[in-house]
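**Q** Just dropping this structure here.
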Amino acid sequence: MTEQRQERAVRAAQRPSRLVILGHPVAHSLSPVFQNAALLDAGIPVVYDREDVAPDALTEALRRLAAEGAGGNITIPHKEAAAALISRCTPTARRVGAVNTFWTEQGELVGHNTDVDGAVATIRALVPAEASAPGDRSVVLLGAGGSAAATLVALSSLGYHRITMVARTTGRAHALSERLAIPAQVVRPDALERVVADAELVINATPIGLRDDALPMLVAMIPTRCAVFDLVYRRGGTPWIAACREAGRRAEDGLRMLVEQGASAFEAWFDVLAPRAVMWRALDAAPPTHDGR
Ligand code: NAP
C-alpha cells in the first residue's frame, strides 16, 4: 500500500465524531445547510454545527476539537491563525498559508485548504478547455487577502502565468506574490481600466458587493470575450454578476466555489464522493439568512 493510500485508509477508519464550522461571526454560514443534506444523503450519522469562536478562544477550541476527534471547516477571521496553530498541515494549506478544512488523526488536528479546489472548479467551469492555452491568457485579480492567496495558487496550478493583481495596498499584493512564488504584476486601482482591457478572465477576491450594490468594476470596462468570477456570493446573486450576465459576459459568483470547497472537504473527511447535486438542491431550498446571504 502506498503512503498516500495508507493515510486515506487511516483517515476513513477515523471518521470525524462531529463536524463544525468555526468562525466569528458564523451565524450566516451556509455550510451547515448543504453539508447536513449531504451527510443525510450519504447515510453518515454525523452532524455539522456552527461554532462562534472569538479570536482569543481559537487555541482552546482547536485543542478541544482534537480531543473530541472532530473535523470541520474554518472561516473568517480564523483561516490564517489556524494555519499557524495547527502543526500538521497539508502541503496545500502550508502553501496558501490558510486552513479552511481540518480533521483529527491519532488525536492530532490536520489542517488542509480546499478553497483552492473551489477556485479551480469555478475557473474550469468559466473558461472552456478548448479556449487558448491558460499561459496565453491574461488574468486580473482584485484583492490581496486570504482568498486571493487561494485563487493565485489555483491559477498557477491551472497554468495561468500572466497575472495582474489590483490592490489598494500594493505592498500586501507584492508580499503575497513573493511568498507564494507566483509572479504577478501589481497595480493600484487607478490602473484598473488599462489592465482589464487586455484581460480574458477577471476575478474579484475583495468583499466589494457583499453587503451593498457596489461593483468591483464597471461592466463596460470588461471586454466581451472576458470571463468574470466574483468570489462573493449572496442570495439571489451578486450585483456585479447580474450586471455582467445582462451585458452578455460569462460570469459566476462564489457559490460554486463554496459548494466545491465543501465537496472537497467532505471527500477528505469520509473518502467517498460528495453528493454535489444534493448540496446544490439544499442551497436552492434554504431560506435567506438574516443578512441576506
Ligand atoms: P481578506 O483577507 O480580508 O482580504 C480582502 C482583500 O480585499 C484585501 O486585499 C483588501 O485590501 C481588499 N479590499 C477590501 N475592501 C476593499 C475595497 N472596498 N476596495 C478595494 N479593495 C478592498 O478577505 P478574504 O478572506 O480574501 O475574502 C474576500 C471575499 O472573498 C470575502 O468577502 C468573501 O465574500 C469572499 N470569499 C468567498 C469564498 C467562496 O467560497 N466563495 C471563499 C473565501 C472568500 P486591503 O489589504 O487594502 O484592506
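The values are calculated or read from the model by the stated rules, or taken from the named source; none is laboratory data. Please read these numbers as outputs of a predicted model, since none were measured by experiment. Cβ coordinates were reconstructed from backbone atoms using ideal geometry, including for glycine residues, and neighbour counts include every protein chain displayed. Accessible surface is based on the protein model in full, side chains and every heavy atom, while ligands, DNA and RNA are left aside. Shrake-Rupley method; radii C 1.70, N 1.55, O 1.52, S 1.80 Å.
**Q** With unit charges on the beta carbon (Lys/Arg positive, Asp/Glu negative), name the residue among M165, A149, V196 whose Cα is farthest towards the positive pole of the charge dipole of the stretch 135-249.
**A** Value: A149.
**Q** Any chance you could give the angle, 0 to 90 degrees and rounded to 10, that helix 276-285 forms with the longest Cα principal axis of the chain?
**A** The answer is roughly 80 degrees.
**Q** Okay, moving on. Tally Lys and Arg at +1 and Asp and Glu at -1 over the other residues with C-beta under 14 Å from the C-beta of K79: what net charge comes out?
**A** 0
**Q** Less than 14 Å Cβ to Cβ from A181, Lys/Arg counted +1 and Asp/Glu -1: what total charge do the surrounding residues give? Could the numbers behind the result be given before it?
**A** Numbers: positive: R94, R95, R179; negative: E178.
Combined, the nearby Lys, Arg, Asp and Glu give +2.
**Q** A further question follows. Karplus couplings for the stretch 168-177 from phi (6.51 cos²θ - 1.76 cosθ + 1.60, θ = phi - 60°), rounded to Hz, Gly and Pro as x?
**A** After applying 6.51 cos²θ - 1.76 cosθ + 1.60, I find 6, 9, 5, x, 5, 5, 4, 4, 5, 4 Hz.
**Q** How far is helix 146-157 tilted off the main Cα axis of the chain, in degrees rounded to 10, range 0 to 90?
**A** With rounding to tens, the tilt is 80 degrees.
**Q** From the phi of every residue in the stretch 118-129, what ³J(HN,Hα) in whole Hz does the Karplus formula 6.51 cos²θ - 1.76 cosθ + 1.60 yield, where θ is phi - 60° and glycine or proline is x?
**A** Running phi through 6.51 cos²θ - 1.76 cosθ + 1.60 with θ = phi - 60° gives x, 5, 4, 4, 5, 5, 4, 5, 7, 10, x, 4 Hz.
**Q** Scan around V186 for amide H atoms under 5 Å from its own, H built in the peptide plane at 1.01 Å from N, and keep only partners 5 or more places away or cross-chain.
**A** For V186, the qualifying residues are M165.
**Q** Tell me which residues come under 5 Å, amide H to amide H, from R50 once H is placed; ignore anything under 5 positions away on its chain.
**A** For R50, the qualifying residues are I21.
**Q** Ranked highest first by average number of other Cβ atoms within 10 Å, how do 166-177, 252-263 line up?
**A** 252-263, 166-177
**Q** Let me ask something else. Subtracting the Cα-Cα distance from 0.36 nm times the residue separation, let me have the gained length for Q14 to Q185 in nm, one decimal.
**A** Residue separation times 0.36 nm, minus the Cα-Cα distance, leaves 57.1 nm.
**Q** Give me the percent of Cα-Cα pairs in the stretch 124-194 that sit more than 15 Å apart, rounded to a whole number.
**A** Beyond 15 Å sits 50 percent of the P(r) for the stretch 124-194.
**Q** Subtracting the Cα-Cα distance from 0.36 nm times the residue separation, let me have the gained length for W280 to R168 in nm, one decimal.
**A** So the extension gain works out to 36.9 nm.
**Q** Still on this structure, I have one more. For every other residue with a beta carbon closer than 12 angstrom to the beta carbon of A133, add +1 if it is Lys or Arg and -1 if Asp or Glu, then tell me the sum. Mind dumping the intermediate values first?
**A** Values: positive: R137, R162; negative: E130, D136, E200.
After counting each charged neighbour, the total is -1.
**Q** If one computes the Cα centroid of the stretch 258-290 and of the stretch 89-138, what distance in Å separates the two points?
**A** Result: 16 Å between the Cα centres.
**Q** Okay, moving on. Would you kindly compute the Cα radius of gyration of the chain and its largest Cα-Cα separation (Dmax), both in Å?
**A** 19.0, 55
**Q** Can you give the translational diffusion coefficient of the stretch 106-249 in µm²/s, computed by Stokes-Einstein from the Kirkwood radius over Cα pairs at 37 °C and 0.692 mPa s?
**A** 211 µm²/s
**Q** Right, something else. How many percent of the accessible area of the chain is carbon or sulfur, using a 1.4 Å probe?
**A** C and S fraction of accessible area: 53 percent.
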